[in-house]
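All remarks here apply to the structure that follows.
The values are calculated or read from the model by the stated rules, or taken from the named source; none is laboratory data. Treat the numbers as computed from the prediction; the structure is a model and nothing was measured. Please note: Cβ atoms are built from the backbone with ideal geometry, for glycine as well, and neighbour counts cover all protein chains shown.
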Ligand SMILES: [Zn+2]
C-alpha cells in the first residue's frame with residue numbers, strides 16, 4: 001500500500017498549479033487529484049464545461065445503506081491583483097506556520113484536506129454504510145460554472161448532507177446569500193455635441209436608472225442570520241468622446257439575495273422597475289443556502305466541533321457564495337454546512353496564506369464527520 005500524502009503536501013502540490021480564473025485551466029490540477037484518488041481505488045469521473053475546465057466527481061464506495069456524504073469545493077483561484085506579492089504566489093512556501101500562495105485559503109487547502117481523508121479511508125479497505133462523494137469543481141469564482149455543469153449533466157447523484165470546504169477557520173457555518181449580477185445597457189441616438197436636440201442621450205437614461213436603483217426595495221424581511229438583501233451599482237461606462245451625444249451606456253448591479261428568495265421574480269422585478277429602455281443581462285445567478293442549526297445532523301456537527309474548537313458553537317453565516325448554490329439544490333436541499341481551513345479575510349488577498357495548523361485540523365474534522373456518517 002503506497003503511503004498517503006498529507007493534506008499539507010497535497011495543498012502545496014496544487015497551490016503550485018496555476019488555476020487562475022480567468023482563464024481557469026483547471027485540467028492539470030483536476031488530473032493530479034483524479035490520479036491520486038483513482039490510484040487509491042476511488043471511482044473518479046471528470047467533466048469539462050469548456051476546454052480544459054475540468055471538474056471531478058469522485059466516489060469512495062460504501063454499502064449504500066444510506067445516502068452519501070458530499071464534500072465539495074472549487075479548484076480555480078482568483079487573479080493575483082495589482083499589488084505586488086512578497087511571496088511567490090505559486091510557491092506554496094511555508095513561513096512561520098503559514099502556507100503562502102494564491103488559492104491556499106480559497107480553497108485548495110480545503111480540497112486537499114478532504115482528498116487526504118478519502119485516500120486514508122480508502123487505504124483501510126473497509127466499506128462504510130454510505131458513499132463519500134467529492135465534488136471538485138472548476139469555475140466557481142466566475143459564478144459556480146463547474147458545479148452548475150455537474151448539476152445540469154446529472155453527474156452528482158444523491159447526497160444526504162453536504163460539507164463545503166471553503167475557508168471558515170474550521171468553524172461550521174450554516175449558509176450564505178445568493179447573488180444576481182447583472183449588466184444593464186441603455187441605448188440612444190448619437191449627434192454632434194453642439195446639437196444635442198438631434199440625439200438621444202444614453203448616459204442620461206443610465207443615470208436616471210442608477211439613481212432610481214438607490215431607492216430599490218426588495219420588499220422582504222431580513223433573514224435572522226444572514227441579514228437583508230442588498231443591491232450595489234459597481235461600474236458604469238458610456239460614450240465615446242466629449243463632444244458627441246452618447247448612443248450607448250452600461251452599468252452593473254450586484255444583488256445579494258436571501259435563501260428562498262425567488263431569483264426569477266427578483267430579475268423580472270428589476271426589469272420592470274427599470275423599464276423597457278434598459279436591457280438587462282444576467283451574468284451570475286446563484287441561490288442562497290441555509291440550514292437551521294436545529295437540523296439533527298448540524299447538531300451532530302456542532303457537538304463534534306464544540307469538542308475540537310473547545311467553544312460553544314453559535315449559528316453563523318458566510319459573506320460569500322459557494323458551490324453550495326449549485327450542489328445543495330441539485331441534491332434536493334439536504335443539510336449543508338460550510339467548514340474549511342483558512343481565514344475568510346485572506347480570500348482574494350495579496351499574500352494569501354493558510355495556517356498550516358488549520359489544514360491538519362480540517363483533515364481531522366473531515367475524517368470524524370466521514371467516519372460518523374459512514375459508521376466506519
Ligand atoms: Zn472560494
key: Count of the range 171-207 residues which are surrounded by fewer than 17 Cβ atoms within 10 Å (Cβ to Cβ) and in a helix (DSSP H, G or I)   = 5
ask   = What number goes with the only condition from (1) away from the ligand (no atom under 15 Å from the Cβ); (2) closer than 22 Å to residue 57 by Cβ that residue 316 does not pass?
value = (2)
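Conditions tested, residue by residue: (1) modelled with pLDDT of 95 or more; (2) away from the ligand (no atom under 16 Å from the Cβ).
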{"position": "35", "(1), (2)": "yes, yes"}
{"position": "39", "(1), (2)": "yes, yes"}
{"position": "46", "(1), (2)": "yes, yes"}
{"position": "52", "(1), (2)": "yes, yes"}
{"position": "61", "(1), (2)": "yes, yes"}
{"position": "68", "(1), (2)": "yes, yes"}
{"position": "72", "(1), (2)": "yes, no"}
{"position": "77", "(1), (2)": "yes, no"}
{"position": "81", "(1), (2)": "no, no"}
task = Please enumerate the residues belonging to the range 315-342 that are closer than 23 Å to residue 180 by Cβ and part of a strand (DSSP E or B).
result = 318, 336, 338
task = Determine if the range 290-299 includes at least one residue that is surrounded by fewer than 13 Cβ atoms within 10 Å (Cβ to Cβ), assigned by TED's automatic domain parsing to the domain that holds residue 252 and assigned to a helix (DSSP H, G or I).
result = no
remark   = Exactly one of 123, 97, 101 is more than 16 Å from the chain's Cα centre (by Cα), under 24 Å from residue 361 (Cα atoms) and within 16 Å of the ligand (Cβ to nearest atom), and that one is 101
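Name the single residue that is surrounded by the most Cβ atoms within 10 Å (Cβ to Cβ) among those in the range 214-228 being in a loop (DSSP other than H, G, I, E, B) and in contact (Cβ under 8 Å) with a residue 60 or more places away in the chain. Lay out the reasoning, then the answer.
To start, the set of residues in the range 214-228 that are in a loop (DSSP other than H, G, I, E, B) comprises 214-222, 224-226, 228.
When the remaining residues are screened for being in contact (Cβ under 8 Å) with a residue 60 or more places away in the chain, the result is 225-226.
On the way: 225: 17, 226: 22.
Checked the range 214-228; the qualifying residue surrounded by the most Cβ atoms within 10 Å (Cβ to Cβ) is 226.
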